[in-house]
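Worksheet: one structure, shown below.
Throughout, read-outs are computed from the coordinates displayed, never taken from laboratory work. In this text the structure is predicted, and so the values were computed from the model without any measurement. Methodologically, a virtual Cβ is constructed for each residue, glycine included, from the backbone with ideal geometry; neighbour enumeration extends over all protein chains shown.
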Amino acid sequence: MANEAGGAKGSVEKPEIQAVITLVCGFYMLYWLFLRIKEANDYLGREVANPIFAIVPILNLLALWNFCGALQEMQQKAGGEAADGKVVDFLSCLICGPYGVFRVQNKLNEIWEK
């Protein structure tokens, strides 16, 4: 589905399932981040981060930081209230991956459903 700027919206995923898969297989979080960065790039019409960075050690931290920063811009573009949670989103993904995935996926679902 296209938005008003012509970029494609991402797919709505069940955050609980994403968190459980991340808990069972931590490497899934890297794949999840890869997919979400591609969706963010398409939605915003610019490169938030290179999706390949999501699977490269050390660079995945930079990709996660940039992606968490783009969430606020995506919320504004969707017409919602943009809560400044870049640091909290980043740290929740970094410290407790399944919770971070759950938290960020909920935000993405809100964006995609608008």
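Tabulated values for the structure
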item	result
Nonlocal Lys pairs with alpha-carbon distance under 12 Å, the chain (8 or more apart, or different chains)	6
Neighbour-count order for 28, 43, 99, fewest beta carbons within 10 angstrom listed first	99, 28, 43
Residue-count net charge about residue 17 - beta-carbon cut-off 15 Å; Lys, Arg +1, Asp, Glu -1	+1
Full-extension gain in nm, residue 20 to residue 81, via 0.36 nm per residue minus C-alpha separation	19.1 nm
Relative exposure of 92, 11, judged by other C-beta atoms within 10 Å (fewest first)	11, 92
Expected-Rg normalisation [2.2 N^0.38 Å, Cα atoms] applied to the chain	0.97
GNM flexibility winner over the chain from 15, 57, 98 (Cα, springs under 10 Å)	57
